[in-house]
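In what follows, a single structure is set out as C-alpha cells and then discussed.
The values are calculated or read from the model by the stated rules, or taken from the named source; none is laboratory data. Bear in mind the structure is a predicted one, so any value in this text is a computation, not a measurement. Here the Cβ positions follow ideal geometry from the backbone for every residue, glycine too, while neighbour counts run over all protein chains shown. Areas reflect the complete protein model, heavy atoms only, side chains present, ligands, DNA and RNA absent. Shrake-Rupley method; radii C 1.70, N 1.55, O 1.52, S 1.80 Å.
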Amino acid sequence: MIRIRGLTKHYRVHKRPPGLGAAIRSVFHREYTLVKAVDGLDFDVARGERVGFLGPNGAGKTTTLKMLSGLLHPTSGELSVDGHLPQSRETAFLKKIMLVMGQKQQLLWDLPPAETFELNRAIYDVPKDEFRKRLDELISLLEIGDQIGKPTRQLSLGERMKCELAAALVHGPRVLFLDEPTIGLDVSMQVVMRDFIRRYTEQFGATLLLTSHYMDDVAALCPRVVVIDKGQLSFDGKLEALVQKVRPEKRLTLRFSAPVAKERVAELGTVVRHDAAESVIQIPHDSVNGAVGRALAELPVVDLNVENPPLEEVMSELFGRSRAARAEGESAS
Amino acid sequence: MTRYLRLLGIQLRASALLAAQYRWDFVVDGVISLFWAFTAIVPLFVVYGARRTGIPGWSFGEALVVTGWFILLQGILDGAINPGLAQVVDHIRKGTLDFVLLKPADAQFLVSTSKFALWRIFSVVSAFVIFGLAFRELGRLPAAVGVLESLALLVAATVLLYSLWILIVSAAFFVVKVDNLTYLFSSIFDAARWPSSVFRGALRTVFTFVIPLAVMTTFPAEALLGRLERSTLLGAMVGALVFASLARLVWIKSIGHYSSAGG
C-alpha cells in the first residue's frame, strides 16, 4: 500500500544567532544551513496494516506524513501510496487518503461541524445516501450527535477533535495519516478516540500510519512501529521487539504480607522502588522464571505481577540515547 | 462544472448562515457600507461645487456614473473577492492551507469562494441608486446596447480585480506577510473613483495597462453613457483574459513553493 525508498527532504534554513545586532546584520547578509528533515528513509506498509510512526521531536515524522499526503515534494527518493505518486495530487489519490493533525483544524470555526461535513461531501462528491449512512455511523461511533449542531468555537477540545475526525472521514478514506490525533485530550477521551480508530480501520480494512507522543495510543493501535531519528530509520518491527531491544528487562512487582528488607529483595534483581509492603524490581528477560520461583519460596509474597517496563520510559530512554549520541557527535566534530 | 456550482452554492450558504448568526453585525456593517457609499459622492460635490464644472469632458451626472461603478466594484472587492483571499495569507502563515491542498478540488477555487461578506450587497444597491440619480441628472436613460456593453465590462472588471488580488496573495507564498500590499492596492484602487482622464502621462498609462483602474470604472461608465468605442471594449476584454491567465499561472507556480508550517 505504502512504499518508501531512499526518501529525503532537505530544507535550506536561514541561520541567525540571537540578538539585535545579528538580526540587523542578517538583513544584509544571510547564512543558510541545510536541514535534512528526512534523510534516506525506507519502509513499506501493507494494506490494512496499522503502524506507529515514532521519533523524538524534529525527527521528521510530520514531514514524512506531509510528503505521503502530497503536501510537500520530496527532495529525492521514491514514494508511492496505493500506486499513486502523492505529490501529483490526483483526485483519485486525494479521495483515498485523509490527514488529521491534532494541532491544526479544518472545521469552520464560527459554524457548526455539520456545515463542514456538508462542504466536504460536496468537495469529495459523495452521493447523498452514502454520505447520510456514513455520517450516521460516525455520529453514533463517536457520540457526537449533540455537538454537530453547535458552532465549533463552543465545543470542548475533545468534542472538536472527534468532529475533526468525522470531517476527515466523511469521504470514507482507506489510508489514514494521523499526526498526534489525541494531543491535549484527557485520558477517557483518548480511549474513545483510540477505540474509534481501531474499529474504523478493522471495519474498512484501512491502513493507518500514526504518530503520537502518547505511547498508550501506539500500544493500543499499532502492532508494528517504525522509529525514525534525524530523518533516518532507527527501528522497524513489532512493538514488543522494540521494548526488548531498548529495555531487555522485565518488571516484577511483589506485594508482601509482612515487611521485607530491601537487601533481600535486591538479591533477585535491580530494585526500582521499595517499601515495606511492596517492591518493584527489574530482572533480565531470561532470569524471570528463576526470580519468581525464589521470591515465592523465600519471601512472604501475597501477590506478584510481571510486566514490561512502561512504554513512556522505554521511548524516553531510546530518544535520550539518541540525543546523547547526537551531542557526542557534535562535540567530537 | 455543476460540481463547482454546487460547491459555490454551499460556500455562499455558509456565508449566509454566518451573516444570519451574527445578525446585528450584518445590520451594522450594512449601515456602515451604505455610509461609505454615500461619502464616496462627497468629493464629487466638492470638485463640481455650485457651478458644476469640475472635470473637463465629464459633466456632474457623467462623473456620478463613474462613482457608481466605483462603489459597485468596491462592493464586489470587499464582498466577494477580499474576504476569501485575505484568509489565504493566514492559511499560509498557520499552515492550514494543508487542508485546502488535501481536497480533491481546485485550490484556487476553494480559497476564492471560502468566504463572502454578504452585507456588501448594500454597496451594490447604493451603486444602482447612484446610477438612477446620475441618469436623472442627465435627463435621459442609458441605451440598451450601452447597458449590455457595460455588463460585459462588469465581468471584465471583476475578473481584473480578482486577478490582481490573486497576484498579490500569491506573493504571500514567498514573503508571508502581505497585508501591507493589500492595503496599498486598496488605496490605489481608491483612484478609480475619478474618470481616468484626470490622470495624465505615466500615471494614465499605469492606470490603464498595469493596474487597469480605467477598465474597472471609467470604461463601464462610458459604455453606459453610450460613448465607448468598440475597440476599447474588445481591448478591455482581451486584457482581462490576459490578466486572468497570468494570475492563474502565478498561483500555480506559487503553490509549488508552499512549505506548510508547524512540524
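Could you pull out every one of the helices (runs of 4 or more DSSP H) wholly within segment A:153-267 that has 3 or more residues that are closer than 30 Å to A:Ala37 by Cα?
A:157-169, A:187-204, A:215-221, A:239-246
Return the residues of segment A:78-101 that are closer than 23 Å to B:Ile92 by Cα, more than 10 Å from chain B (Cβ to nearest Cβ) and in a loop (DSSP other than H, G, I, E, B); say none if nothing qualifies.
Selection gives nothing.
Answer yes or no as to whether A:Val175 is over 25 Å from A:Arg121 (Cα atoms) and either outside the structural domain of A:Phe117 (by TED's automatic domain parsing) or within 16 Å of the chain's Cα centre (by Cα) (or both).
Spelling it out, it is not the case that A:Val175 is over 25 Å from A:Arg121 (Cα atoms) and either outside the structural domain of A:Phe117 (by TED's automatic domain parsing) or within 16 Å of the chain's Cα centre (by Cα) (or both).
Go over the candidates A:Leu169, A:Leu209, A:Leu254 one by one and state the one that is outside the structural domain of A:Val100 (by TED's automatic domain parsing) and open to solvent by less than 10 Å² (accessible area, probe 1.4 Å).
The unique qualifying residue is A:Leu254.
Would you mind stating whether A:Leu65 is under 18 Å from A:Met1 (Cβ atoms), touching a residue at least 60 places away in the same chain (Cβ under 8 Å) and assigned to a helix (DSSP H, G or I)?
Criteria met by A:Leu65.
Quick check: is even one residue across segment B:179-188 within 14 Å of B:Thr67 (Cα to Cα), without any contact (Cβ under 8 Å) to a residue 24 or more places away in the chain, out of contact with any Leu (no Cβ under 9 Å at 6 or more places or on another chain) and open to solvent by 20 Å² or more (accessible area, probe 1.4 Å)?
Within segment B:179-188 (the criterion being within 14 Å of B:Thr67 (Cα to Cα), without any contact (Cβ under 8 Å) to a residue 24 or more places away in the chain, out of contact with any Leu (no Cβ under 9 Å at 6 or more places or on another chain) and open to solvent by 20 Å² or more (accessible area, probe 1.4 Å)), the answer is no, since none of the residues qualifies.
If I ask for residues that are in a helix (DSSP H, G or I), open to solvent by 40 Å² or more (accessible area, probe 1.4 Å) and either outside the structural domain of A:Ala258 (by TED's automatic domain parsing) or of a type in the set (A, V, I, L, M, F, W, C) (or both), which ones from segment A:270-304 would you list?
A:Leu296, A:Ala297
When segment B:72-116 is examined, which residues are found to be over 13 Å from the mean Cα position of the chain (by Cα) and aliphatic (A, V, I, L, M)?
Result: B:Ala86, B:Val88, B:Val89, B:Ile92, B:Leu97, B:Val100, B:Leu101, B:Leu102, B:Ala105, B:Ala107, B:Leu110, B:Val111.
Only residues that are more than 27 Å from the chain's Cα centre (by Cα) and more than 9 Å from every other protein chain (Cβ to nearest Cβ): list them for segment A:113-132, please.
A:Ala114, A:Val126, A:Pro127, A:Lys128, A:Asp129, A:Glu130, A:Phe131, A:Arg132
Which members of segment A:24-49 meet the condition of being modelled with pLDDT of 90 or more and surrounded by fewer than 21 Cβ atoms within 10 Å (Cβ to Cβ)?
Residues satisfying the conditions are A:Asp39, A:Gly40, A:Asp42, A:Phe43, A:Asp44, A:Ala46, A:Arg47, A:Gly48, A:Glu49.
Which residues, taken from segment A:161-206, are at positive phi and among the β-branched types (Val, Ile, Thr)? Please lay out each step first, then the result.
Going through segment A:161-206, the residues at positive phi turn out to be A:172, A:180, A:184, A:205.
Across segment A:161-206, there are no qualifying residues.
Going through A:Ile183, A:Ile148 one at a time, which residue ends up being in contact with a His (Cβ under 8 Å, 6 or more places away or on another chain) and either β-branched (Val, Ile, Thr) or away from chain B (no Cβ under 13 Å) (or both)?
A:Ile183
In segment A:16-60, how many residues are among the β-branched types (Val, Ile, Thr) and within 30 Å of A:Val218 (Cβ to Cβ)?
4
Inside segment A:172-184, can you point out the residues that are surrounded by 20 or more Cβ atoms within 10 Å (Cβ to Cβ) and of a type in the set (A, V, I, L, M, F, W, C)?
A:Val175, A:Leu176, A:Phe177, A:Leu178
Of (1) of a type in the set (Asp, Glu); (2) more than 10 Å from chain B (Cβ to nearest Cβ); (3) without any contact (Cβ under 8 Å) to a residue 12 or more places away in the chain, A:Glu143 satisfies all except one. Which?
If we test A:Glu143 against (1) of a type in the set (Asp, Glu); (2) more than 10 Å from chain B (Cβ to nearest Cβ); (3) without any contact (Cβ under 8 Å) to a residue 12 or more places away in the chain, just (3) comes out false.
Mind checking whether some residue in segment B:197-211 is outside any helix (DSSP H, G or I) and either over 29 Å from B:Ser112 (Cα atoms) or without any contact (Cβ under 8 Å) to a residue 12 or more places away in the chain (or both)?
yes
Being assigned to a helix (DSSP H, G or I) and more than 14 Å from chain B (Cβ to nearest Cβ) is true for just one of A:Arg5, A:Arg25. Which residue is that?
Just a single option satisfies the conditions, and that option is A:Arg25.
Looking at segment A:101-114, can you tell me whether even one residue there is in the same structural domain as A:Met67 (by TED's automatic domain parsing), touching a Leu at 6+ places or on another chain (Cβ under 6 Å) and surrounded by fewer than 18 Cβ atoms within 10 Å (Cβ to Cβ)?
Within segment A:101-114 (the criterion being in the same structural domain as A:Met67 (by TED's automatic domain parsing), touching a Leu at 6+ places or on another chain (Cβ under 6 Å) and surrounded by fewer than 18 Cβ atoms within 10 Å (Cβ to Cβ)), the answer is yes, since at least one residue qualifies.
Tally the residues that are at pLDDT 90 or above, out of contact with any Lys or Arg (no Cβ under 6 Å at 6 or more places or on another chain) and under 18 Å from A:Lys66 (Cα atoms), restricting the search to segment A:208-231.
5
Can we say B:Val155 is at pLDDT 95 or above and either surrounded by fewer than 18 Cβ atoms within 10 Å (Cβ to Cβ) or away from chain A (no Cβ under 14 Å) (or both)?
Yes, satisfied.
Could you check how many residues of segment A:261-291 are within 19 Å of A:Pro310 (Cα to Cα) and of a type in the set (A, V, I, L, M, F, W, C)?
Qualifying residue count for the region: 6.
Where residues in segment B:1-60 are assigned to a loop (DSSP other than H, G, I, E, B) and free of Cβ contacts under 8 Å to residues at least 60 places away in the same chain, which of them is surrounded by the most Cβ atoms within 10 Å (Cβ to Cβ)?
B:Gly54
Output the qualifying pairs, or none if there are none: Cβ atoms under 8 angstrom, residues six or more apart or on different chains, first residue in segment B:89-105 and more than 10 Å from chain A (Cβ to nearest Cβ) and open to solvent by 20 Å² or more (accessible area, probe 1.4 Å), second residue of a type in the set (D, E, K, R) and in a loop (DSSP other than H, G, I, E, B).
Pairs that qualify, where the first residue is more than 10 Å from chain A (Cβ to nearest Cβ) and open to solvent by 20 Å² or more (accessible area, probe 1.4 Å) and the partner is of a type in the set (D, E, K, R) and in a loop (DSSP other than H, G, I, E, B), are B:Arg93/B:Lys177.
Which of the residues that make up segment A:102-128 are in a helix (DSSP H, G or I) and either at pLDDT 95 or above or not charged (D, E, K, R) (or both)? So that I can check it myself, show each step before the final result.
So the first thing to find is which residues in segment A:102-128 are in a helix (DSSP H, G or I), and the list is A:113-124, A:128.
Passing the criteria: A:Pro113, A:Ala114, A:Thr116, A:Phe117, A:Leu119, A:Asn120, A:Ala122, A:Ile123, A:Tyr124.
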